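Below you'll find the structure, written out as structure tokens, and then a few comments.
The values are calculated or read from the model by the stated rules, or taken from the named source; none is laboratory data. Quantities reported herein were computed from a predicted structural model and do not represent experimental measurements. We place every Cβ from the backbone using ideal geometry, glycine too, and count neighbours over all the protein chains shown.
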Amino acid sequence: MRAHMGPLEPEYAEDARIGDHVLGLVRFGSVTSQERQALTISMTAVGAANAEVWRSREPVVRGERDGIVFARNGTAFFGMLVSSEKEIEKATRQAYESIVAVTRQEGFPFVLRAWNHVRGINEGEGDCERYKRFSAGRHDALTTAGLSRTEFPSASAVGMRDGELAIYFIASRMAGRQVENPRQVSAYLYPREYGPRPPSFARATVSSMNGSALVFVSGTASVVGHETKHVGDVEAQTDETICNLAGILGRSGAAPGDVRTMKIYVRRAADWEGIAARLRQSFPAAGLLVLETEICRRDLLLEVEAVAIL
Ligand code: 3EB
């Protein structure tokens, strides 16, 4: 642990445990389940790390409200929920209604970062694809609650094997700053072909909790404009993804060496070592966690998210 720990610090670990100074703990394992203090999501971790830990300088306070299990300190709120509702649009709409309501009730009304896991995310054709239904439910809940585009969180949206929907998120007492990527159309402005409602997320959000700036970079992929580039070519998709990550980090005020953690979602497990090697060249200080999963667009072979601390 570093000498001057901020209010909230991410780490990827092997077999991590809960403790007084752990705000968030997510394990990647066989069965999706919400325990009293941790969430397990059914995905295969390839490589050593199999857990995501958010450490807190101060001891945390734990609670549960409206189906959301949470922990908070003076500045940050970490929430988790699992839904067994089979209709994914309804599950997602209800989940985001709860997220908005509970974070407002608890005094952390700014949701800065959300991780979305949808079983069978690529199942269903056309507008019935589960990812598109998910997007619709999220959009309708957030906009009905009064959020404008500039308040959408950064996000990742990928698969999981078991369960229906699992979401974990970080919220703050203070608004974050959104960052978009000029090489990419903002997701909330994607054209109709990507579904009846656009995906409601920012490319990154920057938070200045307690003076130390935290940069949450969304799941980032080989998307330029709004189109997938390099279909079928994992090396070229990796390079395009790194180019997008570098652009988003730069506009967030972060240098490559500021990146603490990077999570790689990889559609085909066999691709992971090549992707990780390229990322280590560009971001040498980052701890890596690799998960094998479906990704929200069928033609994407990887998606990479990052957290930087300035
Ligand atoms: C993209 O750039 C890739 O719907 O929350 C990345 C991160 C993607 C988050 C989401 C989707 C989401 O559009 C897909």
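Within the range 262-288, restricting attention to residues that are touching a residue at least 60 places away in the same chain (Cβ under 8 Å) and more than 16 Å from the ligand (Cβ to nearest atom), which residue is nearest to GLU11 (Cα to Cα)?
Filtering first and then ranking leaves GLY287.
One line per residue, one yes/no per condition, for (1) touching a helix residue (DSSP H, G or I) at 6+ places or on another chain (Cβ under 7 Å); (2) of a type outside the set (Gly, Ala, Ser); (3) more than 13 Å from GLU305 (Cα to Cα):
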| position | (1), (2), (3) |
| --- | --- |
| ALA187 | no, no, yes |
| GLU193 | no, yes, yes |
| PRO198 | yes, yes, yes |
| ALA202 | no, no, no |
| VAL206 | no, yes, yes |
| VAL217 | yes, yes, no |
| VAL224 | yes, yes, yes |
| GLY232 | no, no, yes |
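May I ask you to list the residues in the range 23-37 that are among the hydrophobic types (A, V, I, L, M, F, W, C) and either surrounded by fewer than 16 Cβ atoms within 10 Å (Cβ to Cβ) or touching a Lys or Arg at 6+ places or on another chain (Cβ under 6 Å) (or both)? The one that is among the hydrophobic types (A, V, I, L, M, F, W, C) and either surrounded by fewer than 16 Cβ atoms within 10 Å (Cβ to Cβ) or touching a Lys or Arg at 6+ places or on another chain (Cβ under 6 Å) (or both): VAL31. Of all residues in the range 233-243, at least one satisfies being farther than 30 Å from SER56 by Cβ and near the ligand (Cβ under 10 Å from one of its atoms).
Of the residues in the range 87-101, not one is of a type in the set (A, V, I, L, M, F, W, C), within 15 Å of the chain's Cα centre (by Cα) and under 24 Å from ARG298 (Cα atoms).
In the range 54-71, the residues that are touching a residue at least 24 places away in the same chain (Cβ under 8 Å) and surrounded by fewer than 20 Cβ atoms within 10 Å (Cβ to Cβ) reach residues that are in a loop (DSSP other than H, G, I, E, B) and of a type in the set (A, V, I, L, M, F, W, C) with C-beta atoms within less than 6 angstrom, at least six apart or across chains, in these pairs: ARG57/MET5. Of the residues making up the range 158-168, those that are touching a Ser or Thr at 6+ places or on another chain (Cβ under 8 Å) and not β-branched (Val, Ile, Thr) are GLY159, MET160, ARG161, ASP162, GLY163, GLU164, LEU165, ALA166.
If you go through the range 206-230 and keep only what is at pLDDT 95 or above, among the polar types (S, T, N, Q) and more than 8 Å from the ligand (Cβ to nearest atom), you end up with SER207, SER222, THR228.
Does SER135 meet the test of being among the small types (Gly, Ala, Ser), assigned to a helix (DSSP H, G or I) and within 20 Å of SER186 (Cβ to Cβ)? For SER135, the condition - among the small types (Gly, Ala, Ser), assigned to a helix (DSSP H, G or I) and within 20 Å of SER186 (Cβ to Cβ) - is met.
Do you know which residues across the range 95-134 are within 11 Å of the ligand (Cβ to nearest atom) and in contact with a Ser or Thr (Cβ under 7 Å, 6 or more places away or on another chain)? Passing the criteria: ARG113, TRP115, ASN116, PHE134.
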